[in-house]
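Notes to accompany the following structure.
The values are calculated or read from the model by the stated rules, or taken from the named source; none is laboratory data. Worth saying up front: this structure is predicted, and the values here are computed from it rather than measured. Heads up, the Cβs are rebuilt from the backbone with ideal geometry, glycines too, and the neighbour counts pull from every protein chain shown.
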Amino acid sequence: MEITTVSDDVIVLHDGCDVYRYEDLQPATQYTFHGLTVTTLARPEGELLSTFATVNDVHFGEVDCGVIDDDPRGPIQRSRPGEMPYPEIMNQGACAEILATHPAYVIVKGDLTHAGSDIEFDAFRDCYVGHFADKLRVIRGNHDAYLGQHLYDEDVWIEMPGICVALMDTAIPTETTGDIAAGQLAWLSERAASTDLAVLVMGHHQQWTPDPNGGTRRNENYFGINPDSSDALNDVVAKHRNIIGYTAGHTHRHRVRSMACGVPTIEIGCVKDFPGTWAQYRVYEGGVMQVVHRISSPDALEWSERCRHLYADTGMDYESYALGTLAERCFVFPNRS
């Protein structure tokens, strides 16, 4: 059994496909359920101004889960005969849960598709536009540009009560790695300077950060945003104290690190497999809370549990890698002002 979600008023535990949800709790209060103890998050001061949701790595069209290039090692999971394709199971489950929270916006942070085919893009739109219509905002990921496409490649500025989101394209067509161009960073700097509201930057690829222990070398082939552009992003964030963080997908894991300027740089796990998550952001007058939710429809849990031990043949502990810690999934952003 594991605690999967904690907010200021909700605690959720999962034991395989069984879900235990406790609501109407008090903020900053310790609770024990099923022998596990956790403290609810402190609620930022003031009124709740808005909420919005994000997903990433939804991968419509994927049929082999757990494949790394041409490596035959697994276990590799596939939908069974007669089952709905697993990307549809997971995304339908995510959309239903998000819809019930009445978000101001729903933001998709890339890897909408497996290979960028027209059929896959159509499946994505059928699901997400069908659920959220004009509340939907989208940026591409590397899987959406392997054929050199330019769909969903324009940076988007999203304003809502209490916060602005800068949704930025980090994909390099035909490449796995990511980048943010100088012109994009100038756009971000100008936008951040134009508002007194908190700004949260989002993109598909994770940011490179220096290893405080000296173990991570600069590498232009870094799997995320290349080091030079990552440093330049840090410089913009350092300049504008209303920028509270950067959130990404791409790595299929939950993790929080710090930029050189001390601001959190965050990775959110994928929708498509274990643990199968989406993120909610609650914007208060006094701060912003991130709450990650595990998709909990019965068919989604049955699928994501099958994916708990992906890549085990390679020696990888995917369960720990993908889930991260509770503190990396659910927290209140530090206030820089």
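Miscellaneous remarks
- Boolean, G116 is out of contact with any Ser or Thr (no Cβ under 9 Å at 6 or more places or on another chain), crowded, with 17+ Cβ neighbours inside 10 Å and small (G, A, S): yes
- Selected residue (criterion: nearest to V106 (Cα to Cα)) from residues of the range 6-37 that are touching a helix residue (DSSP H, G or I) at 6+ places or on another chain (Cβ under 8 Å) and surrounded by fewer than 19 Cβ atoms within 10 Å (Cβ to Cβ): V19
- Criterion violated by G245 - all others in (1) part of a helix (DSSP H, G or I); (2) in contact (Cβ under 8 Å) with a residue 40 or more places away in the chain satisfied: (1)
- Within the range 283-337, the set of residues being among the aliphatic types (A, V, I, L, M), surrounded by 15 or more Cβ atoms within 10 Å (Cβ to Cβ) and closer than 16 Å to R255 by Cα comprises M289, V291, V292, A322, L323, L326, V332.
- Qualifying residue in the range 215-224 (condition: at pLDDT 95 or above and assigned by TED's automatic domain parsing to the domain that holds T51): yes
- Selection status of A96, out of contact with any Phe, Trp or Tyr (no Cβ under 9 Å at 6 or more places or on another chain) and more than 30 Å from Y311 (Cβ to Cβ): no
- The residues in the range 248-282 that are more than 18 Å from I295 (Cβ to Cβ), among the polar types (S, T, N, Q) and in a strand (DSSP E or B) can be counted, and the count is 2.
- Checking each residue in the range 48-81 for being part of a loop (DSSP other than H, G, I, E, B) and more than 25 Å from the chain's Cα centre (by Cα) picks out D70, P72, R73, R80, P81.
- Single residue of V67, V106 found to be assigned by TED's automatic domain parsing to the domain that holds E267, surrounded by fewer than 22 Cβ atoms within 10 Å (Cβ to Cβ) and not acidic (D, E): V67
- Any hit, the range 208-225, residues being assigned to a strand (DSSP E or B), in contact with a helix residue (DSSP H, G or I) (Cβ under 8 Å, 6 or more places away or on another chain) and surrounded by fewer than 21 Cβ atoms within 10 Å (Cβ to Cβ): no
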